[in-house]
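Everything on this sheet refers to the single structure shown next.
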Amino acid sequence: MKDELFLRGETVPMTKEAVRALALTKLELHRASHLIDVGAGTGSVSIEAALLFPSLRVTAIERNPAALQLLAENRQHFACRNIAILPGVAPLPVADKADAVFMGGSGGHLTSLIDWSLRQLHPGGRLVMTFILMENLHTALAHLQQIGVQDIDCLQMQVSALTPLGSGHYFKPNNPVFVIACQKEEHHV
């Protein structure tokens, strides 16, 4: 889905189209029945997942009041009845376990959110996280290794978009984004 389709605020972050496409692929939602979106922001990941997989239940967690407003407006705009909005600061109680967790924002609670996310997942469930800060990337990789998560998939994306400039065009770069994907093993509790 094009980024322009979503209602957006000045300060509310949004997972951009190319990053969203990769994250949704890495979540393997074709075999999921419940997705938890942590730090949902405008809801772009939740909404695209809900539209691609109409039988998927999505729990979108967000703490920012401005983001919660946009998330609700986007949910209504796209008529996504399969998205439940959970206001609050994660980690927080979620009614039932999930097959996939997407973390677009950690609010400074990265390691506790990784632990919480793995506890929320069924065995074989997927955890996908995106970061722009190298410090968060390093913290996440070190923590996943420390707690024994195997087969960590980590990519750095650098996307540039063709943009007019005077009588010509150039490729305007977006920030590099780091994408980590992993799976909960059978023995994690």
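The values are calculated or read from the model by the stated rules, or taken from the named source; none is laboratory data. Small disclaimer: the values here were computed from a predicted structure and weren't measured. All Cβ positions, glycine included, derive from the backbone under ideal geometry; neighbour counts span all protein chains shown. With ligands, DNA and RNA removed, areas are computed over all heavy atoms of the protein, side chains included. Shrake-Rupley method; radii C 1.70, N 1.55, O 1.52, S 1.80 Å.
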**Prompt:** Which number in (1) open to solvent by less than 20 Å² (accessible area, probe 1.4 Å); (2) at pLDDT 95 or above; (3) of a type outside the set (D, E, K, R) marks the one condition that S167 misses?
**Reply:** (1)
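Is the range 119-131 home to any residue that is at negative phi and free of Cβ contacts under 8 Å to residues at least 40 places away in the same chain? Write out each step before concluding.
Pass one, the range 119-131, residues at negative phi: 119-123, 125-131.
Adding the requirement that they be free of Cβ contacts under 8 Å to residues at least 40 places away in the same chain leaves none.
Among the residues of the range 119-131, not one is at negative phi and free of Cβ contacts under 8 Å to residues at least 40 places away in the same chain, which makes the answer no.
Being among the small types (G, A, S) and under 17 Å from R20 (Cβ atoms), is that true of even one residue in the range 63-81?
Filtering the range 63-81 for residues among the small types (G, A, S) gives 66-67, 72, 79.
Checking the rest, the ones that are also under 17 Å from R20 (Cβ atoms) come to 67.
Checking the range 63-81: at least one residue is among the small types (G, A, S) and under 17 Å from R20 (Cβ atoms).
May I ask you to list the residues in the range 66-85 that are of a type in the set (D, E, K, R) and open to solvent by 80 Å² or more (accessible area, probe 1.4 Å)?
In the first step, residues of the range 66-85 are kept if they are of a type in the set (D, E, K, R); the result is 73, 75, 81.
Within the range 66-85, R81 is the sole residue that qualifies.
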**Complete:** Checked the range 85-111 for anything modelled with pLDDT under 95 and among the small types (G, A, S); matches are G88, A90, A95, G104, G105, S106, G107, G108
**Request:** Working only within the range 110-139, note down all residues that are in contact with a Leu (Cβ under 6 Å, 6 or more places away or on another chain), assigned to a helix (DSSP H, G or I) and open to solvent by less than 10 Å² (accessible area, probe 1.4 Å).
**Result:** S117
**Fill in**
Screening G107, G88 for residues that are surrounded by fewer than 19 Cβ atoms within 10 Å (Cβ to Cβ), out of contact with any Leu (no Cβ under 6 Å at 6 or more places or on another chain), touching a residue at least 40 places away in the same chain (Cβ under 8 Å) and at positive phi leaves only G107
**Request:** Take A181 and decide whether it is in contact with a Lys or Arg (Cβ under 6 Å, 6 or more places away or on another chain) and either in a loop (DSSP other than H, G, I, E, B) or farther than 26 Å from P123 by Cα (or both).
**Result:** no
**Request:** Taking only the range 157-178 into account, find how many residues are within 28 Å of S117 (Cα to Cα) and assigned to a strand (DSSP E or B).
**Result:** 3
**Message:** Could you check the range 140-164 and list, in sequence order, the residues that are charged (D, E, K, R) and surrounded by 10 or more Cβ atoms within 10 Å (Cβ to Cβ)?
**Reply:** D153
**Message:** Take the residues in the range 30-65 that are hydroxyl-bearing (S, T, Y) and in contact with a strand residue (DSSP E or B) (Cβ under 8 Å, 6 or more places away or on another chain); name whichever of them is least open to solvent (accessible area, probe 1.4 Å).
**Reply:** S46
